[in-house]
Ligand code: SF4
């Protein structure tokens, strides 16, 4: 299964929640209306804006769709080698 790193920049996140709508297992808004990153609905090490996830190809595509939906491009996704998958550079 692909391993990806998912990061939300809380300074960019405006709480639009489109990421939550598309990938609720990965993104949930906190009390400040910023999106925490969840691991399949869980937070094993507590709240965080950045997390390694083991995902299926379908889950990976869906998380990228969620990142694409973010109006401020606050979500960054990297592959195992550290290459930025989204936003495309
Ligand atoms: S879509 Fe972007 S701005 Fe909206 S909650 Fe998610 S990360 Fe934040």
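Taking segment 32-55, which residues are in contact (Cβ under 8 Å) with a residue 12 or more places away in the chain, part of a loop (DSSP other than H, G, I, E, B), at negative phi and exposed (fewer than 15 other Cβ atoms within 10 Å of the Cβ)? Spell out the reasoning first.
First, the residues of segment 32-55 that are in contact (Cβ under 8 Å) with a residue 12 or more places away in the chain: 32-41, 47-55.
After this cut, where a residue has to be part of a loop (DSSP other than H, G, I, E, B) as well, the list is 32-34, 38, 40-41, 47-49, 55.
Okay, now just the ones that are also at negative phi, so 32, 34, 38, 47-49, 55.
If the condition is that a residue be in contact (Cβ under 8 Å) with a residue 12 or more places away in the chain, part of a loop (DSSP other than H, G, I, E, B), at negative phi and exposed (fewer than 15 other Cβ atoms within 10 Å of the Cβ), then 32, 47 are the ones that fit.
Would you please name the residue that is farthest from residue 72 (Cα to Cα), looking only at residues in segment 9-20 that are in contact with a strand residue (DSSP E or B) (Cβ under 8 Å, 6 or more places away or on another chain) and near the ligand (Cβ under 7 Å from one of its atoms)?
Per the criteria, the residue is 20.
Filtering segment 32-41 down to residues that are out of contact with any strand residue (DSSP E or B) (no Cβ under 6 Å at 6 or more places or on another chain) and within 10 Å of the ligand (Cβ to nearest atom), which residue is nearest to residue 66 (Cα to Cα)?
34
Go through segment 56-89 and give me each residue that's closer than 19 Å to residue 15 by Cα and in a loop (DSSP other than H, G, I, E, B).
Residues satisfying the conditions are 70, 71, 72, 73, 74, 87.
Could you list, in sequence order, all residues of segment 21-31 that are near the ligand (Cβ under 8 Å from one of its atoms) and either farther than 13 Å from residue 74 by Cα or free of Cβ contacts under 8 Å to residues at least 24 places away in the same chain (or both)? Quick ask: steps written out before the conclusion?
Start the filter on segment 21-31 by keeping residues that are near the ligand (Cβ under 8 Å from one of its atoms), which leaves 27, 29.
The one that is near the ligand (Cβ under 8 Å from one of its atoms) and either farther than 13 Å from residue 74 by Cα or free of Cβ contacts under 8 Å to residues at least 24 places away in the same chain (or both): 29.
Looking at segment 66-85, which of its residues are within 18 Å of residue 1 (Cα to Cα) and in contact with a helix residue (DSSP H, G or I) (Cβ under 7 Å, 6 or more places away or on another chain)?
77, 85
List, please: which pairs have Cβ atoms under 7 Å, are six or more places apart or on different chains, and start with a residue in segment 57-85 that is more than 13 Å from the ligand (Cβ to nearest atom) and end with one that is in a helix (DSSP H, G or I) and modelled with pLDDT of 95 or more?
Filtered contacts from segment 57-85: 62/22; 85/64.
With respect to residue 6, is the statement that it is surrounded by 12 or more Cβ atoms within 10 Å (Cβ to Cβ), outside any loop (DSSP other than H, G, I, E, B) and more than 8 Å from the ligand (Cβ to nearest atom) true? It would help to see each step written out before you state the result.
Numbers: surrounded by 12 or more Cβ atoms within 10 Å (Cβ to Cβ): yes; outside any loop (DSSP other than H, G, I, E, B): yes; more than 8 Å from the ligand (Cβ to nearest atom): yes.
Here the answer is yes, as residue 6 does meet what is asked.
The values are calculated or read from the model by the stated rules, or taken from the named source; none is laboratory data. What you see is a predicted model, and the numbers here were worked out from it, not measured in a lab. Ideal geometry is used to build each Cβ from the backbone, glycine not excepted, and the neighbour counts take in all protein chains shown.
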